[in-house]
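Presented below is the structure to which this report refers.
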Amino acid sequence: MKSRILDWVWNGFCLILTTLLISSCISFSQKTSGPDKANSTQNRVAPEELHAAVISYANRFFATIAQASVEFEKALPTPGHRCWT
């Protein structure tokens, strides 16, 4: 059971990290041209804000997964079932 939980947690962490890296690469690689360059920079998210948002999401995600796994384990009828899952 714990290895499955760790697998889910690891997969979630990898997904969040990948999302962070891809969104960072996209935001840094976009080039703007023309007279609207000043206006387009106002709509961008600062890297610190993006980092804080991803960390906040990761904390909520892991807390939700942990709580769900604890409730699931408590709902199992016997310790034998707990070992099986």
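The values are calculated or read from the model by the stated rules, or taken from the named source; none is laboratory data. Keep in mind that what you see is a predicted model, and the values were worked out from it rather than measured. Accessible surface areas use protein heavy atoms only, side chains included; no ligands, DNA or RNA. Shrake-Rupley method; radii C 1.70, N 1.55, O 1.52, S 1.80 Å.
Inside the range 45-85, can you point out the residues that are at pLDDT below 80 and charged (D, E, K, R)?
Answer for the range 45-85, where residues must be at pLDDT below 80 and charged (D, E, K, R): just Arg82.
Tally the residues that are modelled with pLDDT of 65 or more and either open to solvent by less than 100 Å² (accessible area, probe 1.4 Å) or of a type in the set (Ser, Thr, Tyr) (or both), restricting the search to the range 1-20.
Adding up the residues that qualify gives 13.
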